[in-house]
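Peer 1: The structure's right below; bear with me while I get my questions together.
The values are calculated or read from the model by the stated rules, or taken from the named source; none is laboratory data. Note that this is a predicted model, so its numbers are computed, not measured. No Cβ is skipped: glycine too gets one built from the backbone with ideal geometry, and neighbour counts run over all protein chains shown.
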Amino acid sequence: MISTPHRQTAIALIDEAVTAGARRAEACCELEISDRTLRRWSKSGEVHADQRPLVPRPEPANKLSTEERAAVLSLCNSTEFASLPPCQIVPKLCSEPANTARTGRPRDFLPRPMLRPG
């Protein structure tokens, strides 16, 4: 994302280049933005701020609950696993007889449908 002050600077530089005789598309190319982006930024003669950070985002459907997150963190911070990265913790847990790794939500362990090639 490009901040509003940087957008204003880019628009000023492009306007200066166009005034000096350059083509707008070539000036945009020098700043590695498209002509369409420039037009979108300067709709109706004023510079518009990026609205993407302001859009409400829904929580993912597979987000861990507070209890699940606490259980994972306490397991990873236990003395047995504290010095290991996740890529070593998971295989260790899967090889244990108690199989702590399989105590998650049931939907996490349902078989996934196979996709047919081509």
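Peer 1: Could you run through region 15-32 and say how many residues are under 30 Å from the mean Cα position of the chain (by Cα) and in a helix (DSSP H, G or I)?
Peer 2: 5
Peer 1: I'd like to check something: does region 34-55 contain any residue that is part of a helix (DSSP H, G or I), of a type in the set (D, E), in contact with a helix residue (DSSP H, G or I) (Cβ under 6 Å, 6 or more places away or on another chain) and at pLDDT 90 or above?
Peer 2: yes
Peer 1: Give me a count of the residues in region 1-14 that are over 29 Å from the mean Cα position of the chain (by Cα) and at pLDDT below 90.
Peer 2: 0
Peer 1: Can you find a residue in region 63-81 that is modelled with pLDDT of 85 or more, exposed (fewer than 10 other Cβ atoms within 10 Å of the Cβ) and hydrophobic (A, V, I, L, M, F, W, C)?
Peer 2: No: zero hits.
Peer 1: Let me ask something additional. How about region 11-31: which of its residues are surrounded by 12 or more Cβ atoms within 10 Å (Cβ to Cβ), out of contact with any helix residue (DSSP H, G or I) (no Cβ under 8 Å at 6 or more places or on another chain) and not acidic (D, E)?
Peer 2: A22, C29
Peer 1: How do the pairs read when you match residues in region 28-39 that are closer than 17 Å to A12 by Cβ with residues anywhere that are acidic (D, E), using Cβ under 7 Å and keeping only pairs 6 or more apart or on different chains?
Peer 2: C28/D35
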